[in-house]
């Protein structure tokens, strides 16, 4: 069961990461993307205020399973774990954190830009707004 959970958390967490990175692109997934980013930020910042900044519930669950399986090589961040899976690559926690925050800032800028653009375009197509 633990081997299944290890694979389960690996798949779920990576799907969430990829969706957070690219879910802002298709118009039909933008509301879901906003919810996913909101939950991610809630975990990192609100839950993180108590458990440590950048706390991720998915990573916590996955690391717990890995510890039970005896798989723990000292990584303390999921980005660090993922990058260290690449043969010949070893990154520090600091590098992984800077990369993660940089990607998040890029995602937030792109998300805000498409939402702003869509609102601007929608406003033009409706014509001038009259105060009520």
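Taking every C-alpha pair closer than 8 Å and separated by at least 6 residues, the mean separation divided by the residue count of segment 2-125 gives a relative contact order of 23 percent. Considering every Cα-Cα pair within segment 14-93, what fraction, in whole percent, is farther apart than 23 Å? Summing the P(r) of segment 14-93 above 23 Å gives 31 percent of all pairs.
Across every direction, the projection of the convex hull enclosing the Cα atoms of segment 54-123 has a mean area of 6.3 nm². Here segment 1-19 and segment 55-110 have alpha carbon centers that stand 13 Å from each other.
Using only Cα atoms, tell me the angle between helix 57-69 and the longest principal axis of the chain; keep it within 0 to 90° and round to the nearest 10. With rounding to tens, the tilt is 20 degrees.
The slack in the chain from residue 41 to residue 14, taken as 0.36 nm per residue of separation less the alpha-carbon distance, amounts to 8.1 nm.
Just so you know, all these numbers are worked out from the coordinates, no wet-lab data involved. In this text, all values refer to a predicted model and were calculated from it rather than measured experimentally.
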